[in-house]
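Derivation of every value follows stated rules applied to the coordinates shown; laboratory data play no part. Computed from a predicted model, the values in this text were never measured in an experiment. Because the Cβ atoms are built from the backbone with ideal geometry, glycine has one as well, and the counts that use them run over all protein chains shown.
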Amino acid sequence: MERACREGALEALLEEARTLTSRDAGEALQCAEFACQVAERLGDPRMRSAATRARGQALRALSQHAAAVDALEAAAQLAAEAGDARLAAESRIGIVDSLGWLERFTEAFALAERLERELLDLGAPAEAAKVLVNAGNIHHRQDEYARALDCITRALDCLQKADDPYAVAKVQANRANILTHMNRVQEAMELYEEARAAFEERGDALSSAIVDLNVGFLRYISGEHSASLAVFARARKTFDRLGRKVEAAKVDGDMGDVYRALNLLPEALECYDRAIDTFREIPLEYETARAEIGRAVVLAGFGKTDEATAALSRADAVFAAQRNRLQRAHVALIRAHVLRTAGKLGPASRAAASAARELKRAGLHGWAAEALYIQAEIDLSQNRDAVATMEAVIEAAREHLRSSLESRAHHALGRYHHRAGRIEEAIREFRAGVACLEQARTLVTIEEFHVAFLRDKLAVYEDLVAALLGRGLRNDVIEALDCVERSKSRLLLERVQSAHDARLRAGAVADPDLVERLANLRAELCRHYHGMHVFDGAEQLQRRLGITVGDAGRLRELENEYRNALREAELSIAGDRQRTSTLGDVVPIEDLQAALADDEALVEYASFFGQVCAFVVTRRDVQVRLNIAQIEEVDYSARRLRYHLQRVEGQSGYVARHQEELHTAIRGVLGDLYRLLLAPIESLFPSDKLVVVPHGVVHGLPLHAAMDGDAYALDRWEIIYSPGAAVWYQGVEPSQPSGLAARDGLITDPALLVSVQTPGIELVSEEVARLAAVFPNAVVLKDENATLEAFHRHAPNSRIIHLATHALFRADNPLFSGLSFADGWLLAHDLYDVSLSCELATLSACRTGVALVEPGDELFGLIRGFLSAGARSLAVSMWPAADAATVAVMVRFYEYLAAGMSRGSALRQAQIAARTEFPHPYHWAAFSIVGAR
């Protein structure tokens, strides 16, 4: 009876160990160790074999492969002692895989060949299939794809006789992985989907995560970077939970590749370093070398060419010792890239040619095209004819879904033709390059990733614009304007266009732990912001809260944690919705013209190749003026303007004593702005209304305050601003309801008026009190009643929102810019989750109109947040105007609105009126309308 109980306990322990191996390998090992003790007491060699085998499998799961080999061999010896040849052979199956990880390849393949033969002779084809899968995986890790596929195909043949769909699914997942590397993408994806469904049904989290690892790679090589990272993040979370260090490190290496493709080099380096640390600890030379290759590219991107070269040399030495020709070709490809970046054209070309030959021989035509591109681009840049080679690159890139490579190849051909004076051919290639880049952009759906991805790719838009304007036909001008619009603020445009469409808004985060973590980080951030800006001292707040707040170092850590959590949330959403984005739809020129009034012109600036040009669009015509200013000149004037504005922010006594001098100095700078940006095109303006669309260095310049002699531009034109022509159009198109309900000097629309009084803006309470007289249906929130909860409750139902609170612009992290409320901060990023339907949002505090201009002319700051939330227009300030002047401008602004004026006209008249009392532009010119007039 006692023996039967022990045997039953042993069987239960073995079953528990088998179950835990794929879920918690550490627990599985403890269970197996206990089983070994029980089996030792029973003395039966077959039972001892089973327990020792369970121990070996747990060691494999923990990547302790040397110990696993010893344990599994001991299990096989015990099975042989019991006279069970089949059990002995089955016990050695895992040894094949562990020998591969130990890079003892010759032993692994010899054992696999022997075991396959033995198991087939013993009538165990399903077990023989496992051997073949292990051998195939080793060939795969050595990049011997044809041999790997042969092993997997033979394994499937072995399983034909067995009615085991789960086993077939595992082998098909391996087959899909190999097909991925052989560029048989569609076949691979279908097999992955079938396999993952089988694993989900079986509750096999480990196999599901391995499929995710491979699907993530497939998405990556298909250019679907956001979807790739979403799948990788899911896989890594599972591997961490299961204690699978090697697989988690492999995810890190692959995520590093994706971040590198997105130009997010710090994130890529962090991933590679983490992967390399794990691989060296085990150690795994091959995997370490693979990660070193990616790390070398990042180091080259940081300008550390010597370190990059050293990393490549280390990787090449490993692959040379392993006689891995394919990975040596990979090293040569990356070396060519590093050398090209360093300007060493001859060595780069030779390395690229060597890589291309080997990659082509291996059947990896997509990667071979990457190498050929480097070689051909170098030749073309030296005006050597490599058109045929580059056209072959384009064909291969198209076939293997490499839109970014296809765009670069067209761009290189376009530049080659343009230098040779073949304008038609150049324009054709530039157009194709833009089209391919647009396709590649749709696959990068997360905003942060998209902006980084564009960082080194916008030149193709600039080259097309320059070529079209150089030819100068009327249709060329229209196409050039369309191209400028395609290159700028497309992500903001997409947000604006989807602001009122619930189907297009971001989904909710499903993971409750992540939701809680975001909420906790958000709350702690608010406490620290409050501590940094509290006016009765951070020490006072610290005594009340009992924790340290306001520490700049801790604040930076918190912001990084919060940003990473937001990224994790976006990735989790990206994994559950469509993998592509449409980008914002650029407006056809005829629709844009139809939306303009007869007395209105849209002025769109474009900065490229060191110059600023300007398009002027009216209802009847589209014209352009080239090279109206040099970018350096405009940038210099912008810096001088900031300097003179800061002088007025100084001590009031100094300002009073030097008022005339300060006024004269800034008028000179404003005169330069007029000379550079308005004088060359003013003859094209039809009348007195302008929509100004800045670009690059022109952003943030108060053109309404530019001076022509003694007159400000404001005196001649009613000027509003917009981040893009299509963004402006979205607010004025006929399908959008517009206008305010003004009657008898009152505005009867629902309004939300908020003031939070702090030092420096003591008059905000008076400001809101005076405005309340104009809004009979307003909700007024002052000081302690101006909470975030109250804002979120009332804002969605308000047609006008007026926020008179302290504002903070963060140039280093503009989506962390915010507005201070009684109980915390409303951050720009928070507004992505707010739905507004307001005609006008006024942010009267300091610098609410300042934005950071990122690649693609994307503006990040509070303007982006409110436009994305659904505000049709904004009244914002570009610098901190004096408190009394702000009240004067704001009160008159709303009085003119109540009299029936448009927003643009009301602000213009309010500023003109304020100049009588506050003549210096610092006081009245800070304010502008962004969006609909």
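Multiplying the residue separation of ALA435 and LEU122 by 0.36 nm and subtracting their alpha-carbon distance yields 106.7 nm. The mean sequence distance of close C-alpha pairs (under 8 Å, at least 6 residues apart), as a share of the length of the chain, puts its relative contact order at 7 percent. For region 837-844, the Karplus equation 6.51 cos²θ - 1.76 cosθ + 1.60, evaluated at θ = phi - 60°, returns couplings of 9, 8, 6, 8, 10, 9, 10, 7 Hz by residue, with Gly and Pro reported as x. A Cα-only calculation for the chain places Rg and Dmax at 33.1, 110 Å. Between the C-alpha center of region 283-347 and that of region 819-845 there is a gap of 48 Å.
Amide H to amide H, with H built 1.01 Å from N, VAL587 comes under 5 Å of ALA726, counting only residues 5 or more places away or on other chains.
For the pair ARG556 and ALA353 in one chain, pulling the backbone fully straight at 0.36 nm per residue adds 68.5 nm over the alpha carbon distance. Which aspartates and glutamates, if any, have their Cα less than 13 Å from the Cα of LYS360, not counting same-chain residues under 8 positions apart? LYS360 reaches GLU370. Kirkwood hydrodynamic radius of region 721-813, from the reciprocal of the average inverse Cα-Cα distance over all distinct pairs: 15.2 Å. Farthest towards the positive end of the charge dipole of the chain, among the residues GLY865, ASN785, ILE478, is the Cα of ILE478, using unit charges on the Cβ of Lys, Arg, Asp and Glu. Computed from Cα atoms alone, the Kirkwood hydrodynamic radius reported for region 301-408 is 14.1 Å. Counted by neighbouring Cβ atoms within 10 Å, the residues TYR922, TYR674, TYR166 run from fewest to most as TYR166, TYR674, TYR922. Relative contact order, whole percent, for region 401-501 stands at 23, derived from Cα pairs under 8 Å and 6 or more residues apart. Assuming charge only on the beta carbon of Lys and Arg (+1) and of Asp and Glu (-1), the dipole of region 729-803 about its Cα centre is about 200 debye to the nearest 20.
Here region 2-198 has an Rg and Dmax of 17.3, 60 Å, counting Cα atoms alone. Look at the dipole of the chain built from charges on Cβ: of ALA725, SER837, TYR896, the Cα furthest out on the positive end belongs to ALA725.
For GLY849, the residues 5 or more places off, or on other chains, whose built amide H falls under 5 Å of its own are SER877, MET878. Remark on LEU781: its backbone amide H falls under 5 Å from those of LEU753, VAL754, SER755, a criterion applied only to residues 5 or more positions apart or on other chains, H modelled at 1.01 Å from N. Remark on region 109-268: hydrodynamic radius 16.3 angstrom, per the Kirkwood mean of 1/r across alpha carbon pairs. Projecting the Cα atoms of ALA828, SER98, PHE927 onto the charge dipole of the chain (Cβ charges, centred on the Cα centre) puts SER98 farthest toward the positive pole.
Over region 281-323, the alpha carbon radius of gyration divided by the compact-protein estimate 2.2 N^0.38 Å works out to 1.15. Charge dipole of the chain (Cα centre as origin; +1 on each Lys and Arg Cβ, -1 on each Asp and Glu Cβ, all else neutral): 1200 debye, rounded to the nearest 20. The phi-based Karplus calculation (6.51 cos²θ - 1.76 cosθ + 1.60; θ = phi - 60°) puts the 3J(HN,Hα) values of region 820-836 at 7, 10, 4, 10, x, 10, 8, 8, 4, 5, 4, 5, 4, 9, 10, 10, 10 Hz, whole numbers, x for Gly and Pro.
Counted over all Cα-Cα pairs of region 737-931, pairs farther apart than 29 Å make up 14 percent.
Using the rule -39500 (n - 2.57) for each DSSP H run of four or more residues, divided by the residues of the chain, the 222 nm mean residue ellipticity is -20500 deg cm²/dmol. Protection proxy ranking of 90-97, 818-825, by the mean of other Cβ atoms within 10 Å over each peptide's residues and highest first, is 90-97, 818-825. Note on ASN813 and GLN630: the model spin-label points, each 7 Å out from Cα along the C-beta direction, lie 3.9 nm apart. The fewest-to-most ranking of ASP121, ASP44 by surrounding Cβ atoms within 10 Å reads ASP121, ASP44.
Taken as Cα centroids, region 436-487 and region 739-757 sit 41 Å apart, rounded to the nearest whole angstrom.
Listed values for region 597-606 are Karplus-derived 3J(HN,Hα) couplings in whole Hz (6.51 cos²θ - 1.76 cosθ + 1.60, θ = phi - 60°), namely 6, 4, 9, 10, 10, 9, 10, 10, 8, 9, and x replaces Gly and Pro.
Size descriptors for region 589-730, from the alpha-carbon set: Rg then Dmax equal 16.2, 55 Å. In this rough spin-label picture, where each label sits 7 Å from Cα along the Cβ direction, the ARG325-GLU766 distance is 8.5 nm. Gain on full extension, evaluated as 0.36 nm per residue between GLU33 and GLN646 minus their Cα-Cα distance, stands at 213.4 nm. A simple spin-label model places pseudo-atoms 7 Å from Cα toward Cβ; at GLU784 and VAL515 they are separated by 3.2 nm. Take every pair of alpha-carbon atoms less than 8 Å apart whose residues are at least six positions apart; their mean separation over the length of region 603-700 yields a relative contact order of 37 percent.
Relative to one another, the C-alpha centroids of region 213-275 and region 6-68 are positioned 32 Å apart.
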